[in-house]
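This report refers to the structure that appears directly beneath it.
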Amino acid sequence: MPIPSMSAPTPYPASRCTLLAQPVCRAVLAVLGLALLPAFAAEKADRTQPLAFTADSARVDEVKQLNILSGNVEITKGSIVIRADRVEVRQSPEGYQSAVATGWPNKRAYFRQKRGSNDEYIEGEAERLEYDGRGDTVRLVNQAVLRRFRGSTLADEVAGNTISYDNVTEVFQVLGGPASAAAPGRVRGVLTPRENPASAPNSGAGTRP
């Protein structure tokens with residue numbers, strides 16, 4: 001099945017400042033949840049959508065419900081897109097699918113997903129991606145970067161050793177470590193304020209009926 005290609009995102013503005021957390025050697029955990037990032041609520045229907053893939057080779061084990069895809073793998077599942085060098089896809093007895101994707105020697109694996117009904121997307125890169133369809137969670141491990149786009153405009157970006165988010169509880173966590181995509185042992189984030197609809201032009205705020 002042909003997989004629709006994604007256009008390249010808008011380049012990240014070089015003029016933005018960064019927020020640095022403490023080194024992981026000081027046992028500080030940076031948590032970017034509801035208080036910092038607007039909820040990365042994913043398209044809830046993705047969990048029930050069929051999984052389509054292209055790859056150089058595929059090994060399908062119906063007994064173990066295990067598919068091993070190798071070589072320039074591209075997966076779609078609803079609004080989810082995964083690109084990697086190798087992906088293992090498993091299905092639980094209840095029908096939930098999970099995937100572990102690993103990148104190439106010189107290129108990280110890629111993940112993208114639509115955020116609910118809004119024109120917003122999240123996309124991430126890491127040496128290893130772990131998607132759990134049952135829990136509706138994604139974990140990015142080693143050289144991890146996660147971004148949120150409003151349309152084609154980059155809104156937020158976080159980087160660290162490990163990034164995880166839960167689409168049900170809408171909670172974000174970023175950990176530093178030796179394989180951080182930021183400075184060694186640290187995490188980095190750039191957060192753009194969301195516009196308050198009440199303060200937008202022609203919003204009707206302050207007008208008389």
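Quick notes on this structure:
- In nm, spacing of pseudo-spin labels at Ala179 and Thr153 (7 Å Cα→C-beta vector): 3.5 nm
- In nm, spacing of pseudo-spin labels at Arg194 and Asp119 (7 Å Cα→C-beta vector): 1.7 nm
- Remark: C-alpha extents of the range 153-197 on the principal axes read 41, 23, 14 Å, sorted largest to smallest.
- When you filter the trypsin sites (Lys or Arg not before Pro) in the range 95-196 for DSSP loop state and at most 16 other Cβ atoms inside 10 Å of their Cβ, you are left with Arg134, Arg194.
- Solvent-accessible area per residue in the range 43-191 equals 44 Å², computed with a 1.4 angstrom probe and all protein chains kept.
- Radius of gyration and maximum dimension Dmax of the range 43-191, Cα, Å: 15.1, 46
The values are calculated or read from the model by the stated rules, or taken from the named source; none is laboratory data. What you are looking at is a predicted structure, and each value in this text was computed from that prediction instead of being measured. Virtual Cβ from ideal backbone geometry, glycine too; neighbours counted across all protein chains shown. When the accessible area is computed, the model is the full protein with side chains, heavy atoms only, and any ligands, DNA or RNA have been set aside. Shrake-Rupley method; radii C 1.70, N 1.55, O 1.52, S 1.80 Å.
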